[in-house]
Amino acid sequence: MTQWPLIADPSIMTEGKTEILGRSRGDMRIVIATLIGAFVLLSGFQPLSAQGAKFVERFADWSTYDAVSEANQKLCFAVSKPKDLEPKNVKRGDIYFYVSSWPKDGVANEVSVKIGYDFAKDSTSKVSIGSDVFELFTDGDKAFVESPAQERRLVAAMRRGSKMLVRGRSVRGTSTTDVYSLSGITAALKNLEQICR
């Protein structure tokens, strides 16, 4: 059986609360992104056995997974890796773009980014799709959309677009641009609606 790391305190993922054990929704995004990252890193976009994230389906450049946390909370997500990275000569960790849902808390299509390095302090990340630009707040090596309204606009732009750019700046001052294909995102999001009830 594959073992995978989880968050230190799985009890923070309890039912139906936007503030859980004194944690804000932003903090929950960080916890969920960490949990998803652990699933994806260990799955390598392949099915895992038993408790890990289970590969559901591939839709062009996006894949969907579902999982159950140690706190018995269902979590589903669509994930993709960038097609191109700039600059190419910079050493980075794992890089993913996630759209996640966890029905127990009524959360659907929540966006997060794992950039592969720690962001510069107080910096933001920018996501561009065509002429639409979205600013994400950062925490460590992750970025999140500030408001649910902005998140809905970002997901709608993803459905309409063909290419997405994610920009960030590392603690060392290196600016990066990651290019994602949006081929398959609409079908992947429809799949999330079906599997994450």
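Observations
- Contact map, segment 156-173: first residue β-branched (Val, Ile, Thr), second residue crowded, with 18+ Cβ neighbours inside 10 Å, Cβ cut-off under 6 Å, separation 6 or more or different chains; pairs are Val166/Val113; Val166/Val127; Val166/Asp178.
- Checking each residue in segment 101-129 for being basic (Lys, Arg) and either touching an Asp or Glu at 6+ places or on another chain (Cβ under 9 Å) or assigned to a strand (DSSP E or B) (or both) picks out Lys104, Lys114, Lys126.
- Condition check for Asp27: closer than 25 Å to Gly168 by Cα, modelled with pLDDT of 50 or more, charged (D, E, K, R) and part of a loop (DSSP other than H, G, I, E, B): no
- When segment 130-174 is filtered for residues that are within 18 Å of Leu192 (Cβ to Cβ), hydrophobic (A, V, I, L, M, F, W, C) and not in a strand (DSSP E or B), the ones remaining, listed by number, are Leu154, Val155, Ala156, Ala157, Met158.
- Unique residue being touching a helix residue (DSSP H, G or I) at 6+ places or on another chain (Cβ under 8 Å) and not basic (Lys, Arg) when the list is Asp118, Asp132, Asp141: Asp132
The values are calculated or read from the model by the stated rules, or taken from the named source; none is laboratory data. Only a predicted model underlies this, so the values are computations on that prediction, with no experimental measurement involved. When we count neighbours, we look across all protein chains shown, and the Cβ atoms used for this are built from the backbone with ideal geometry, even at glycine.
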